[in-house]
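Visitor: Following this message is one structure expressed as structure tokens.
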Amino acid sequence: MSKPPERTAGPRYTLDRITAVPAIVGDASDFLIIGGLAGAAKDMAALTNDGPNYYGLAGAMGAAVMMGLGLALARPDKKVLVATGDGELLMNVGALATVSLLNPPNLRILCIDNGHYGETGYQKSHTCLGVDLEQMAIGAGIKATCSVEKEADLAKGAKMLREANGTCFVLLRVKPTDGPKVKRLMDPAASRVRFRLGTLGQP
Amino acid sequence: MAATMTEDEHAREISSGWQNELYDALRRHDVTQFSYVPDAGHRICIDRSIADKDVHSVALTTEEEGVALACGAHLGGKRSVLLMQSSGLGNCVNFLSMVQGGRFPFLTILSMRGDFGEGNPWQISMGQATRPLLQTMGFIVLEVTKPAEVVPTVDAAANMVWKSGQAVAILLTQKLIGAKAF
């Protein structure tokens with residue numbers, strides 16, 4: 001019996017998120033982090049040890065970028081990282097336009113694009129069928145953008161996430177494989193209290 | 001021949017007094033993020049937020065963005081308000097699950113269409129569904145029908161939101177703002 005072909009999003013999607021995401025984010029304690037759904041939320045839970053500087057979504061699909069904008073405007077003293085996936089971002093891609101008008105210097109958007117809806121069974125998403133989210137971010141008016149799809153590009157993406165002096169958008173293309181196995185707090189109210197206690201010192 | 005007005009002309013007919021009081025009350029309660037999709041009923045509040053150097057005025061592409069913005073603001077210790085037309089509520093519903101499930105304090109102010117004297121049949125459905133929809137999603141709904149009620153209602157809502165941690169919607173009814181002529 002021959003094995004079924006390996007799932008792929010195409011030749012540009014070769015990085016493994018298990019190693020590429022930690023490499024591009026670096027020390028996660030340098031950021032306040034909002035995690036989009038599923039894969040990206042698990043990546044961030046693993047990276048932060050599901051810690052108090054992290055608020056991860058498991059619903060309200062499409063909310064991550066705008067939640068990050070509200071947080072970034074409220075906390076100009078901190079770098080805010082939104083880590084989301086291609087499916088989550090596509091659901092409210094207009095948020096990129098809203099963000100670019102405000103252009104907070106402390107907001108970083110990392111889209112971990114695997115070209116698939118991993119959580120629902122790896123159906124193909126628009127991005128592996130030709131939609132380019134970096135081009136949409138450019139069209140929305142975000143000045144600092146880059147795409148990372150090779151090992152050698154990781155340093156460029158990591159530098160932009162740390163050093164951009166306006167809102168930046170980094171598209172990280174990865175293979176459509178599972179992220180880290182991690183348990184994370186799923187209660188949105190408990191997560192809210194944890195985040196505020198940990199980052200503001202009040203519930 | 002019946003007089004017709006543009007949306008903007010209609011808004012200018014509305015007394016600007018209570019709208020300025022509304023903005024001042026929100027600022028007194030330390031709201032520093034104003035989000036909105038352009039709307040004639042909220043015109044003065046929106047314009048004042050744009051002119052106010054001490055607040056962030058956030059023009060949205062769709063109303064649901066303002067729900068997520070407010071939750072993010074709360075995580076950062078700031079207060080946000082979403083200004084929208086009743087029709088915009090329909091664009092928000094799934095995001096309201098974050099407000100309810102996360103028990104985020106949340107304030108939205110809706111300029112009503114389709115509730116009293118509406119002349120545009122497209123507005124009736126969402127206008128009539130606004131209150132039951134909000135209540136289904138766990139909101140406390142406060143209604144304003146007279147200019148004198150505006151500030152006391154904002155004061156009441158602010159306490160319920162930022163002291164008691166509730167989600168509150170203030171409805172600026174068409175009895176207050178008038179029905180646009182068609």
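The values are calculated or read from the model by the stated rules, or taken from the named source; none is laboratory data. Note that the coordinates shown come from a computational prediction; the quantities given were computed from them, not determined experimentally. Here the Cβ is made from the backbone with ideal geometry for all residues, glycine too, and neighbour counts use every protein chain on show.
Visitor: Can you tell me how many residues in segment B:113-125 are touching a Gly at 6+ places or on another chain (Cβ under 8 Å) and farther than 26 Å from residue B:16 by Cβ?
Guide: 2
Visitor: In the set B:62, B:108, which member is part of a strand (DSSP E or B) and among the polar types (S, T, N, Q)?
Guide: Details: B:62 fails: part of a strand (DSSP E or B).
From the options B:62, B:108, the qualifying one is B:108.
Visitor: Let me ask another. Checking the condition of a type in the set (Ser, Thr, Tyr) and either at pLDDT below 95 or assigned to a helix (DSSP H, G or I) (or both), which residue from A:145, A:199 passes? Don't jump to the end; show me each part of the working.
Guide: Numbers: A:145 fails: either at pLDDT below 95 or assigned to a helix (DSSP H, G or I) (or both).
Result of the check over A:145, A:199: A:199.
Visitor: Is there a residue in segment B:91-113 that is farther than 30 Å from residue A:75 by Cα, touching a residue at least 60 places away in the same chain (Cβ under 8 Å), crowded, with 22+ Cβ neighbours inside 10 Å and of a type in the set (D, E, K, R)?
Guide: yes
Visitor: Then there's this: Give me a count of the residues in segment A:64-90 that are at the interface with another protein chain (Cβ under 7 Å from one of its Cβ atoms), in a helix (DSSP H, G or I) and either under 13 Å from residue A:35 (Cα atoms) or not small (Gly, Ala, Ser) (or both).
Guide: Here is the first cut: in segment A:64-90, the residues at the interface with another protein chain (Cβ under 7 Å from one of its Cβ atoms) are A:66-71, A:73-75.
So of that shortlist, the ones also in a helix (DSSP H, G or I) come out as A:66-71, A:73-74.
Filter once more, so that each one left must be either under 13 Å from residue A:35 (Cα atoms) or not small (Gly, Ala, Ser) (or both): A:66-69, A:71, A:73.
Selection size over segment A:64-90: 6.
Visitor: Also, I was wondering about something else. Can residue A:22 be described as away from chain B (no Cβ under 14 Å), closer than 22 Å to residue A:147 by Cβ and touching a helix residue (DSSP H, G or I) at 6+ places or on another chain (Cβ under 7 Å)?
Guide: Details: away from chain B (no Cβ under 14 Å): yes; closer than 22 Å to residue A:147 by Cβ: yes; touching a helix residue (DSSP H, G or I) at 6+ places or on another chain (Cβ under 7 Å): yes.
So residue A:22 passes the test.
Visitor: Out of everything in segment B:65-86 that is touching a Phe, Trp or Tyr at 6+ places or on another chain (Cβ under 8 Å) and assigned to a helix (DSSP H, G or I), what residue ends up being nearest to the other protein chains (Cβ to nearest Cβ)?
Guide: Start the filter on segment B:65-86 by keeping residues that are touching a Phe, Trp or Tyr at 6+ places or on another chain (Cβ under 8 Å), which leaves B:66-68, B:70-71, B:74-75, B:79-84.
Pick out the ones that are also assigned to a helix (DSSP H, G or I) and you get B:66-68, B:70-71, B:74-75.
Values: B:66: 8, B:67: 7, B:68: 4, B:70: 6, B:71: 6, B:74: 7, B:75: 5 Å.
So, considering only residues that are touching a Phe, Trp or Tyr at 6+ places or on another chain (Cβ under 8 Å) and assigned to a helix (DSSP H, G or I), the one nearest to the other protein chains (Cβ to nearest Cβ) is B:68.
Visitor: Could you please give the count of residues in segment A:46-58 that are of a type in the set (Gly, Ala, Ser) and over 15 Å from the mean Cα position of the chain (by Cα)?
Guide: Pass one, segment A:46-58, residues of a type in the set (Gly, Ala, Ser): A:46, A:51, A:56, A:58.
From the residues that got through so far, the ones that are over 15 Å from the mean Cα position of the chain (by Cα) too are A:51.
Residues flagged as of a type in the set (Gly, Ala, Ser) and over 15 Å from the mean Cα position of the chain (by Cα) within segment A:46-58 amount to 1.
Visitor: Identify all residues within segment B:140-182 that are in a loop (DSSP other than H, G, I, E, B) and out of contact with any Ser or Thr (no Cβ under 8 Å at 6 or more places or on another chain); write none if there are none. Give the steps one after another, and end with the answer.
Guide: Filtering segment B:140-182 down to residues in a loop (DSSP other than H, G, I, E, B) leaves B:145-146, B:163-166, B:173, B:178-182.
Those that are in a loop (DSSP other than H, G, I, E, B) and out of contact with any Ser or Thr (no Cβ under 8 Å at 6 or more places or on another chain): B:146, B:163, B:164, B:165, B:166, B:178, B:179, B:180.
Visitor: Of all residues in segment B:17-60, count the ones that are aromatic (Phe, Trp, Tyr) and closer than 18 Å to residue A:76 by Cα.
Guide: Going through segment B:17-60, the residues aromatic (Phe, Trp, Tyr) turn out to be B:18, B:23, B:34, B:36.
Filter once more, so that each one left must be closer than 18 Å to residue A:76 by Cα: B:34.
Looking only at that region, the number is 1.
Visitor: Just give me the residues in segment B:24-51 being assigned to a loop (DSSP other than H, G, I, E, B) and either buried (at least 19 other Cβ atoms within 10 Å of the Cβ) or within 14 Å of another protein chain (Cβ to nearest Cβ) (or both), in sequence order. It would help to see each step written out before you state the result.
Guide: Restricting attention to segment B:24-51, the residues satisfying the condition of being assigned to a loop (DSSP other than H, G, I, E, B) are B:29-30, B:37-39.
Within segment B:24-51, B:30, B:37, B:38, B:39 meet the criteria.
Visitor: So, one more: If you scan segment A:51-60, which residues turn out to be surrounded by fewer than 21 Cβ atoms within 10 Å (Cβ to Cβ) and more than 7 Å from chain B (Cβ to nearest Cβ)?
Guide: So in segment A:51-60, the residues surrounded by fewer than 21 Cβ atoms within 10 Å (Cβ to Cβ) come out as A:51-53, A:58-59.
Hits for segment A:51-60 are A:51, A:52, A:53, A:58.
Visitor: If you don't mind, another one. Tell me yes or no: at least one residue of segment A:7-14 is at pLDDT below 95 and within 14 Å of chain B (Cβ to nearest Cβ).
Guide: no
Visitor: Could you tell me which numbered condition residue A:46 fails, if it satisfies all but one of (1) in contact with a helix residue (DSSP H, G or I) (Cβ under 7 Å, 6 or more places away or on another chain); (2) on the phi < 0 side of the Ramachandran plot?
Guide: Going through the list (1) in contact with a helix residue (DSSP H, G or I) (Cβ under 7 Å, 6 or more places away or on another chain); (2) on the phi < 0 side of the Ramachandran plot, residue A:46 breaks only (1).
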